[in-house]
Amino acid sequence: MRLNLKIWRQKSAKANGKMVDYTLNEVNPEMSFLEMMDVLNQQLVEWGDEPVAFDHDCREGICGMCSMFINGRAHGPMTGTTTCQLHMRHFKDGDTIVIEPWRAAAFPVIKDLMVDRSAFDRIIQAGGYVSVNTGSAPDANALPIPKENADMAFDAATCIGCGACVATCKNASAMLFVGAKISQLSLLPQGQPEREERAIRMVEQMDKEGFGNCTNTGACEVECPKGISIENIARMNREYLKAKIAQK
Amino acid sequence: MSVLNSKIPAGPLADKWKNHKNSIRLVNPANKRSIDVIVVGTGLAGASAAASLAEMGYKVKAFCFQDSPRRAHSIAAQGGINAAKNYRNDGDSVHRLFYDTIKGGDYRSREANVHRLAEVSVNIIDQCVAQGVPFAREYGGLLDNRSFGGVQVSRTFYAKGQTGQQLLLGAYSALSRQVSVGQVKMYHRHEMLDVVMIDGKARGIIARNLVTGELERHSAHAVLLCTGGYGNVFFLSTNAMGSNVTATWKAHRKGAYFANPCFTQIHPTCIPVSGDYQSKLTLMSESLRNDGRIWVPKKQNDTRRPVDIPEEERDYYLERRYPAFGNLVPRDVASRAAKERCDAGYGVGQSKMAVYLDYASAIQRYGTLEANKLGESQPSAQRITELGTQVVASKYGNLFEMYEKITGDNPYETPMRIYPAVHYTMGGLWVDYNLMSNLPGLFVLGEANFSDHGANRLGASALMQGLADGYFVVPYTLGDYLADDIRTGSISTNDPAFDEAEKSVQDQINRLMNIGGSKSVDYFHKALGKIMWDKCGMARSEEGLKQAISEIQALREEFYAQVRVPGSANEMNPELEKAIRVADFLELGELMCYDALNRNESCGGHFREEYQTEDGEALRNDEEYSYVAAWEYGHGKAPILHKEDLNFENVKPSTRSYK
Ligand SMILES: Cc1cc2nc3c(=O)[nH]c(=O)nc-3n(C[C@H](O)[C@H](O)[C@H](O)COP(=O)(O)OP(=O)(O)OC[C@H]3O[C@@H](n4cnc5c(N)ncnc54)[C@H](O)[C@@H]3O)c2cc1C
Ligand code: SF4
Ligand code: FES
């Protein structure tokens, strides 16, 4: 099939960017979206142009590196799917596809479709861990954890840190990402000792990074490729409030 | 040729590690503060090492090429991690895990290393649980297990199909904690392009800042390479797109020996290739062989839909050939068996290069059990299927979804089509018992070293090894080496060795940028991959390997004459990154063929067509090849072989039988 692509091109963080049109013939419906981009880039190289820079690595929907805003939706039209797992069979011959980077003040563009998501790392550094040194752990089965809690913690822990939630949110809020980590650890006994401090430090770091506030539109949950539930935001708010009250 | 000293401690096998730990030198806490350690790579091996060393007080600099340490390729591991906990009470023990791993590796690994791995495996699970890793649990709240290939116990811990993700996020959280207290300085989007050797010791690296293109000098008292495997030499593999050999290859060029490079693992259950635009292959976890059954039609070129082929016209060839292990034979055996059926004309799907992995009978079995559990006395067939589907979804849901996304087929209704694909590399830089390469101060951890898996790795053992190396081995053995450095003081990056290394990196970049040919980097990478797959893949022969060597040499020449790297070197330039990596793959591929040619036997993942039994099984030659082949870089000439003899004092090498 034949596709019209409109792609955001931006030479560097400081340069101005613009949308550029490309036409791609002979796109195979079995290709993944990123393989379609590979084919475009091959052509650009052969023509003597610069290929489109984009982030990707695992191409299995797990590393969280790929990040394209496709036709106005983070990771494209399919729910529960990262860009790398999106396949061209979901598009039609003659379609026009608009491809942009994540847009958020806290995620500055590096080049073309690549953005800087290191703010997420700094939020985890602020408290997204259990303070346990290597070698000091008790036997793994010493502390049974009800399956239900373990499963809920697991669901929250499947966040891949892709940032689609931020890119989707009109306020560029990072609360789904932060809520997922705070929830995971607050649901597990291992997370209890630092529970309050963690909630406060992570939320404060999130604010410092310039992410917006949550106004409960729920868009993040819809676009999250891993189906992280918005309940995690509610839990985070509860954790934060409780911690703040305890602090007083 | 020299004989390599593996520094295996004396004493009985089960006491070696304990005694070694008790006798090696330590660095006291005050002195650790003045010692710098560079950790390249933040996968399971690197993140766990960086975090543990920082906790102990060393000053650590960690590097990764992705935009965050959390995205290392380890994140993609699906199925699970082994540990000899014996929580199932099914006869597991440290000794049994040790034995299974030695046998699974087809008697080409070091007994002492493997035993240590089995010993520390139990601590890994404890550590991860303490970090908040949400492993699968049973209703009683205790940890659940599953089985993997090549063993008869259930010792695999898992977190649905995302075990690697959860373990890596655990290690990443420990690393993040050390970053926050200033013990680790993290350099993401940085690629190491050379090791710096001063007075014969590894004292630093040259790294390229991938955002600005700048070359940076970083010094340290020791350098740890935790940079993963080199499966992408085949272009198509289950590895992440960025996985590469550059870090270890640059070290190899500086004198580090590369051990058993031809030992590659071809994983039996991957989604088959669908077209020449294909960029990577997707693994369907080995855990699926717990419940799935593998078959092909008994008739050649059978074009019926799989559901229309009656039971008696199906050949469950693994169950037929290997009744004791059935669908759970080790990977090398399962892969070769699939190739054998497809080559003989029984393959399925459009390309005929696929076999079925079928869940129909598992769905029936689980559905019936579930109905019993629920007290439904006469469930309808539809009800059984519904219940069975639910159970299968709870165990393997995300894998089934992934299959459907990629192929458009629903694996609950029709069997999956699968075929073997390159997955893991057992070979890597040679290291001694302390995980130090033959270059003093250069340590190698995780998939990047060659140490524990011999000629074939058992499922769920790579995660175990990466975390064993990083959490529980190197924190001890590094101290022994660094004990000599407590008075050295910080290493200057003005040393001429840094000038020289930086210049050679700059020269290589200039060379690549200036070729200005007409072919893309991927063109060469794909061409190399095809040579490797056809001639140094699942089956190898003397003739094919010799051809491959000359083809690779010719391709390399063409690369340096024809490749086009667009853009400039002073900016984010993914094509340049790829070109640097492919240049190294073009040298590695040749070495792999030399190694495969040298090894006149079949063992594990290395199958030489000339050496097989009557019924097509691998024919080992213990008399002549019971050694580790460690290669020295040839600098334009043929590589030089060094041997480390393998001594089996505790298990007697026998013919592996899974029948
Ligand atoms: C799809 C898949 C599923 C798997 N499932 C399982 C499983 O269920 N169980 C199991 O035991 N094993 C499994 N494996 C194998 C296992 O995941 C890997 O062997 C293991 O994770 C490797 O870990 P590592 O820390 O050695 O390297 P990696 O995780 O590959 O990390 C390499 C690190 O090095 C960095 N790096 C590399 N080169 C450079 C450079 N030049 N400069 C700077 N940084 C660099 C990278 O950025 C990265 O941080 C699986 C593998 C695949 C492909
Ligand atoms: S919460 Fe969902 S959308 Fe947000 S970073 Fe995590 S996986 Fe991505
Ligand atoms: S490339 Fe890893 S999630 Fe898409």
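The values are calculated or read from the model by the stated rules, or taken from the named source; none is laboratory data. Small disclaimer: the values here were computed from a predicted structure and weren't measured. Glycine also receives a Cβ, built like all others from the backbone with ideal geometry; neighbour counts cover every protein chain displayed.
Among the listed residues B:Ala455, B:Ala460, B:Ala468, B:Ala483, which satisfies the condition of being touching a helix residue (DSSP H, G or I) at 6+ places or on another chain (Cβ under 7 Å) and either among the hydrophobic types (A, V, I, L, M, F, W, C) or modelled with pLDDT of 95 or more (or both)?
Selected residue: B:Ala468, the only one of B:Ala455, B:Ala460, B:Ala468, B:Ala483 that is touching a helix residue (DSSP H, G or I) at 6+ places or on another chain (Cβ under 7 Å) and either among the hydrophobic types (A, V, I, L, M, F, W, C) or modelled with pLDDT of 95 or more (or both).
How many residues, within the range A:133-152, are more than 7 Å from chain B (Cβ to nearest Cβ) and more than 32 Å from the chain's Cα centre (by Cα)?
Looking only at the range A:133-152, we keep the residues that are more than 7 Å from chain B (Cβ to nearest Cβ), and these are A:135-136, A:142-143, A:148-149, A:151-152.
Subset that is more than 32 Å from the chain's Cα centre (by Cα): A:135-136, A:142-143.
Qualifying residue count for the region: 4.
Take A:Asn41 and decide whether it is at pLDDT 95 or above and surrounded by fewer than 20 Cβ atoms within 10 Å (Cβ to Cβ).
Spelling it out, it is not the case that A:Asn41 is at pLDDT 95 or above and surrounded by fewer than 20 Cβ atoms within 10 Å (Cβ to Cβ).
Given B:Leu169, B:Leu97, which one is more than 16 Å from ligand 3 (Cβ to nearest atom) and at pLDDT 95 or above?
Being more than 16 Å from ligand 3 (Cβ to nearest atom) and at pLDDT 95 or above holds for just one of B:Leu169, B:Leu97, which is B:Leu97.
Within the range B:189-240, take every residue that is part of a helix (DSSP H, G or I) and within 14 Å of chain A (Cβ to nearest Cβ) and give me the one that is nearest to ligand 3 (Cβ to nearest atom).
B:Asn232
Cβ-Cβ under 8 Å, sequence separation 6+ or interchain: first residue in the range B:229-242 and touching a residue at least 60 places away in the same chain (Cβ under 8 Å) and over 14 Å from B:Gly428 (Cβ atoms), partner within 16 Å of ligand 2 (Cβ to nearest atom) and of a type in the set (A, V, I, L, M, F, W, C). Which pairs?
B:Thr238/B:Ala76; B:Ala240/A:Cys58; B:Ala240/A:Cys63; B:Ala240/B:Ala76
Out of B:Ser657, B:Ser602, report the one residue that is modelled with pLDDT of 95 or more and under 15 Å from B:Gly104 (Cα atoms).
Result: B:Ser602 is the single residue among B:Ser657, B:Ser602 that is modelled with pLDDT of 95 or more and under 15 Å from B:Gly104 (Cα atoms).
Please pick out the residue among B:Ile125, B:Ile102 that is in contact (Cβ under 8 Å) with a residue 40 or more places away in the chain and out of contact with any helix residue (DSSP H, G or I) (no Cβ under 8 Å at 6 or more places or on another chain).
After applying the criteria, what remains is B:Ile125.
Could you please tell me which pairs satisfy a Cβ distance under 7 Å, a separation of 6+ or placement on different chains, a first residue in the range B:516-536 that is at negative phi, and a second residue that is assigned to a helix (DSSP H, G or I) and of a type in the set (Lys, Arg)?
Listed by first residue and then by second, the contacts come to B:Val521/B:Lys578.
Filter the range B:373-395 down to the residues that are in a helix (DSSP H, G or I) and aliphatic (A, V, I, L, M) and list them by number. Can you show your working first?
Of the residues in the range B:373-395, the ones in a helix (DSSP H, G or I) are B:373, B:381-395.
Residues satisfying the conditions are B:Ala381, B:Ile384, B:Leu387, B:Val391, B:Val392, B:Ala393.
Is it the case that the range A:39-54 has a residue that's closer than 20 Å to B:Met284 by Cα and within 10 Å of chain B (Cβ to nearest Cβ)?
No: the range A:39-54 contains no residue that is closer than 20 Å to B:Met284 by Cα and within 10 Å of chain B (Cβ to nearest Cβ).
Would a scan of the range A:36-53 turn up a residue that is in contact (Cβ under 8 Å) with a residue 12 or more places away in the chain and within 16 Å of ligand 1 (Cβ to nearest atom)?
No, because not a single residue in the range A:36-53 is in contact (Cβ under 8 Å) with a residue 12 or more places away in the chain and within 16 Å of ligand 1 (Cβ to nearest atom).
Can you tell me which residue within the range A:151-190, out of those that are of a type in the set (Ser, Thr, Tyr) and either closer than 23 Å to B:His73 by Cβ or touching a Lys or Arg at 6+ places or on another chain (Cβ under 9 Å) (or both), is nearest to ligand 1 (Cβ to nearest atom)?
That would be A:Thr158.
Filter the range B:66-83 down to the residues that are more than 14 Å from ligand 3 (Cβ to nearest atom) and touching an Asp or Glu at 6+ places or on another chain (Cβ under 8 Å), then identify the one that is nearest to the other protein chains (Cβ to nearest Cβ).
Among them, the one singled out is B:Pro69.
For the range B:472-496, enumerate the residues that are surrounded by 24 or more Cβ atoms within 10 Å (Cβ to Cβ) and over 13 Å from B:Arg116 (Cα atoms).
B:Leu478, the sole residue that qualifies.
With the requirement that a residue be away from chain B (no Cβ under 14 Å) and either within 15 Å of ligand 3 (Cβ to nearest atom) or buried (at least 24 other Cβ atoms within 10 Å of the Cβ) (or both), what does the range A:79-103 give you?
Once the filter is applied, which keeps residues that are away from chain B (no Cβ under 14 Å) and either within 15 Å of ligand 3 (Cβ to nearest atom) or buried (at least 24 other Cβ atoms within 10 Å of the Cβ) (or both), the range A:79-103 yields only A:Ile99.
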